[in-house]
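Here's the structure we're looking at; comments come further down.
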Amino acid sequence: LQAASPTGGRKAKGKKKRRRDQSPGGIATEAYWNGKHDEALHGTIQHPVWKGEMARQYPFDLDDFQQLSVACLEREENVLVAAHTSAGKTAIAEYAIAMAFRSNQRVVYTSPLKALSNQKFRELGEVFGEGEVGLMTGDNSLNPNATCVVMTTEIMRSMIYKGSEMMREVAWVIFDEVHYMKDKERGVVWEESIIFLPKQVRMVFLSATLSNAGEFAGWVSSLRGSPCHVVHTDHRPVPLQHFGFPVPGGEGVHLLRNQEGDFEHAQFRELKDFFASGADKAKARTPQRSPHHASGKRRQGAAPAAAAAQSQESDLYKLVSFIQERGDLPLIVFSFSRNQCEEYAMQISKLDFTDGDEKAKIDEAFNNAMDLLSEDDRALPAIEHMLPLLRRGIGIHHSGLLPILKELIEILFQEHLVKTLFATETFAMGLNMPAKTVVFTAMRKWDGEANRFVTSGEYIQM
């Protein structure tokens, strides 16, 4: 741990990688520390510890960064937890909720997406009891007077502006996926929420990809007038392997980076050689565009969805079949277009990933969900075309689907009944889904201004 000023944190000394048994790094903004805590029980602000009774017991030993986060929470101080996906950030959020229950105080869990809010509502209901957890999104309002309420950040900001009585009773607010604050259009929602929350509220920030954690903590500290700790760990519980699959006409995948993080130069050269040898053939197959067609800023570098899907048809089928043979399902296929999600799903519709028992469970879940819809809604093409794909273990998830259909697909994927899911980027914003493999159909995306490569943060998030 190292002290940081209210305007930003100094970089930690040394560049050694943290081993599993080493203490996690962190920053504590101490400019607003009042020194009220008993050091025998809480430690110091530079070295927080908790030697009292735990508000929540876990069936496993907490990692170093989790223990440090618990110590910061017991000091009733703000904490930002920066850890990789699957590292165990949710356990820290659950501890903050347990502290609120212990003190008979209210707690709010916010997320950037309705889908993530729905998922957290189900998970927290299983942990703390369904009657103790509520949900407030644009689509649903369930048990809003509960001790713990899960909601989207926009809903909470609206409640703050309206002077909601509930927000005056809140002791803790958990901001999941706080790196969404960097979003050009929606980031202001997080800023305003942090600024205008009542002064007595303490905050827990969770993120896997927040790059300027020290600076952010310094801003929160100076704004709220109370310390903000940064707890981070570089340990990744689920190591990643990065492969390349050349299209069109690729045969097999090339390991580019192994699970130890080493770059495979020989495999990369093989991939480059494939592209070099096939460049002339690919150019011959690509239709020439007129200068007028290429001149538009929005069109430049972006092929029509149908043409892109057609060019990858055999390759995508081949790749998904290969992944199935390797036993690397469940699979998420990311596309940056709703239309492409549906087109790619149809391309592999001949594959069948489920057995008879799984098909029966899918039918039951689908029929139960459809009972909640009107007759007119059940006749929608999107509804009628979805069941044949779901019965084969293939799902589609994007913002154009009905909310109940999206939630059904999320549940089926969590239950390992959907084995291959075609989704847009929003599916990656914090949803805890049991994927073993992820495929990118493109490395460029339209961000509203330009057709650009995905950033490293967006790539890791997905």
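The values are calculated or read from the model by the stated rules, or taken from the named source; none is laboratory data. What you see is a predicted model, and the numbers here were worked out from it, not measured in a lab. Reconstructed Cβ throughout: ideal geometry from the backbone, glycine too, with neighbour counts over all protein chains shown. Quick note on the areas: whole protein, heavy atoms, side chains included, nothing else; ligands and nucleic acids left out. Shrake-Rupley method; radii C 1.70, N 1.55, O 1.52, S 1.80 Å.
From the set of residues in region 68-86 that are touching a helix residue (DSSP H, G or I) at 6+ places or on another chain (Cβ under 9 Å) and open to solvent by 10 Å² or more (accessible area, probe 1.4 Å), which is nearest to GLY187 (Cα to Cα)? So the residue we want is ALA82. The one condition from (1) touching a Lys or Arg at 6+ places or on another chain (Cβ under 6 Å); (2) touching a residue at least 40 places away in the same chain (Cβ under 8 Å) that GLU192 does not meet is (2). Taking region 224-274 as the range and being of a type in the set (A, V, I, L, M, F, W, C), open to solvent by 40 Å² or more (accessible area, probe 1.4 Å) and within 24 Å of the chain's Cα centre (by Cα) as the test, the residues that pass are VAL238, LEU240, PHE243.
Output the number of residues of region 321-346 satisfying the condition of being in a helix (DSSP H, G or I) and within 30 Å of GLU251 (Cβ to Cβ).
Looking only at that region, the number is 13.
Restricting to region 208-223, and then to whatever is out of contact with any Leu (no Cβ under 8 Å at 6 or more places or on another chain) and closer than 24 Å to THR455 by Cα, can you tell me which residue is surrounded by the most Cβ atoms within 10 Å (Cβ to Cβ)? Explain how you work it out, then say what you get.
Restricting attention to region 208-223, the residues satisfying the condition of being out of contact with any Leu (no Cβ under 8 Å at 6 or more places or on another chain) are 208-209, 211-212, 214-215, 218-219, 221-223.
Then drop every residue that is not closer than 24 Å to THR455 by Cα, which leaves 208-209, 211-212, 214-215.
On the way: ALA208: 19, THR209: 19, SER211: 12, ASN212: 13, GLY214: 23, GLU215: 16.
The qualifying residue surrounded by the most Cβ atoms within 10 Å (Cβ to Cβ) is GLY214.
MET433 fulfils the conditions (1) surrounded by 14 or more Cβ atoms within 10 Å (Cβ to Cβ); (2) not in a loop (DSSP other than H, G, I, E, B) except for a single criterion, (2).
To keep it simple, each residue is scored yes or no on (1) touching a strand residue (DSSP E or B) at 6+ places or on another chain (Cβ under 7 Å); (2) farther than 23 Å from PHE243 by Cβ.
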| residue | (1), (2) |
| --- | --- |
| GLN340 | no, no |
| GLN347 | no, no |
| ALA365 | no, yes |
| LEU380 | no, yes |
| ILE404 | no, yes |
| LEU421 | yes, no |
| ALA435 | yes, no |
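In this structure, is ALA146 open to solvent by less than 40 Å² (accessible area, probe 1.4 Å) and in a loop (DSSP other than H, G, I, E, B)?
On the way: open to solvent by less than 40 Å² (accessible area, probe 1.4 Å): yes; in a loop (DSSP other than H, G, I, E, B): yes.
So ALA146 fits the description; yes.
With the requirement that a residue be surrounded by fewer than 21 Cβ atoms within 10 Å (Cβ to Cβ) and closer than 24 Å to VAL79 by Cα, what does region 161-175 give you? Steps first, please.
Narrowing region 161-175 to residues surrounded by fewer than 21 Cβ atoms within 10 Å (Cβ to Cβ): 161-169, 171.
Selection gives MET166, MET167, ARG168, GLU169, ALA171.
Does region 349-385 hold any residues that are exposed (fewer than 12 other Cβ atoms within 10 Å of the Cβ) and of a type in the set (Ser, Thr, Tyr), and which are they? Correct list: SER374 only.
Whether any residue in region 191-209 is in contact with a Pro (Cβ under 9 Å, 6 or more places away or on another chain) and more than 18 Å from LEU80 (Cα to Cα) is what I want to check.
Taking region 191-209 first, the residues in contact with a Pro (Cβ under 9 Å, 6 or more places away or on another chain) are none.
No - not one qualifying residue is present in region 191-209.
Does region 404-417 include one or more residues that are more than 19 Å from the chain's Cα centre (by Cα), in contact (Cβ under 8 Å) with a residue 40 or more places away in the chain and not in a strand (DSSP E or B)? Can you show your working first?
So the first thing to find is which residues in region 404-417 are more than 19 Å from the chain's Cα centre (by Cα), and the list is 404-405, 417.
Cutting the leftovers down to in contact (Cβ under 8 Å) with a residue 40 or more places away in the chain gives us 417.
Now drop any that are not not in a strand (DSSP E or B), which leaves 417.
Yes, region 404-417 contains at least one residue that is more than 19 Å from the chain's Cα centre (by Cα), in contact (Cβ under 8 Å) with a residue 40 or more places away in the chain and not in a strand (DSSP E or B).
A quick yes/no check of all residues on (1) polar (S, T, N, Q); (2) touching a His at 6+ places or on another chain (Cβ under 9 Å); (3) crowded, with 22+ Cβ neighbours inside 10 Å; (4) modelled with pLDDT under 85:
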{"site": "SER399", "(1), (2), (3), (4)": "yes, no, no, yes"}
{"site": "PRO403", "(1), (2), (3), (4)": "no, no, no, yes"}
{"site": "ILE409", "(1), (2), (3), (4)": "no, yes, yes, no"}
{"site": "LEU421", "(1), (2), (3), (4)": "no, yes, yes, no"}
{"site": "THR424", "(1), (2), (3), (4)": "yes, yes, no, no"}
{"site": "PHE427", "(1), (2), (3), (4)": "no, yes, yes, yes"}
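Close Cβ contacts (under 9 Å, 6 or more residues apart or on different chains) running from residues in region 159-183 that are polar (S, T, N, Q) to residues that are open to solvent by 20 Å² or more (accessible area, probe 1.4 Å) comprise SER164/SER158.
Yes or no: GLU177 of a type outside the set (A, V, I, L, M, F, W, C), under 23 Å from the mean Cα position of the chain (by Cα) and closer than 27 Å to PHE427 by Cβ?
Working: of a type outside the set (A, V, I, L, M, F, W, C): yes; under 23 Å from the mean Cα position of the chain (by Cα): yes; closer than 27 Å to PHE427 by Cβ: yes.
Yes.
If the condition is being of a type in the set (A, V, I, L, M), part of a helix (DSSP H, G or I) and surrounded by 21 or more Cβ atoms within 10 Å (Cβ to Cβ), then region 114-135 contributes ALA115, LEU116, LEU124.
Just give me the residues in region 325-352 being under 20 Å from PRO434 (Cα atoms) and not charged (D, E, K, R), in sequence order.
Going through region 325-352, the residues under 20 Å from PRO434 (Cα atoms) turn out to be 325-335, 341, 345, 352.
Result: GLY327, LEU329, PRO330, LEU331, ILE332, VAL333, PHE334, SER335, CYS341, ALA345.
Taking residues in region 223-247 that are on the phi > 0 side of the Ramachandran plot, and partners anywhere that are open to solvent by 10 Å² or more (accessible area, probe 1.4 Å), the pairs with Cβ atoms closer than 6 Å and at least 6 places apart or on different chains are GLY225/TYR32. For region 347-393, a residue qualifies if it is out of contact with any helix residue (DSSP H, G or I) (no Cβ under 8 Å at 6 or more places or on another chain), modelled with pLDDT of 90 or more, not in a loop (DSSP other than H, G, I, E, B) and not small (Gly, Ala, Ser), and the qualifying residues are ASP357, GLU358, LYS361, GLU364, ASN367, ASN368, PRO388.
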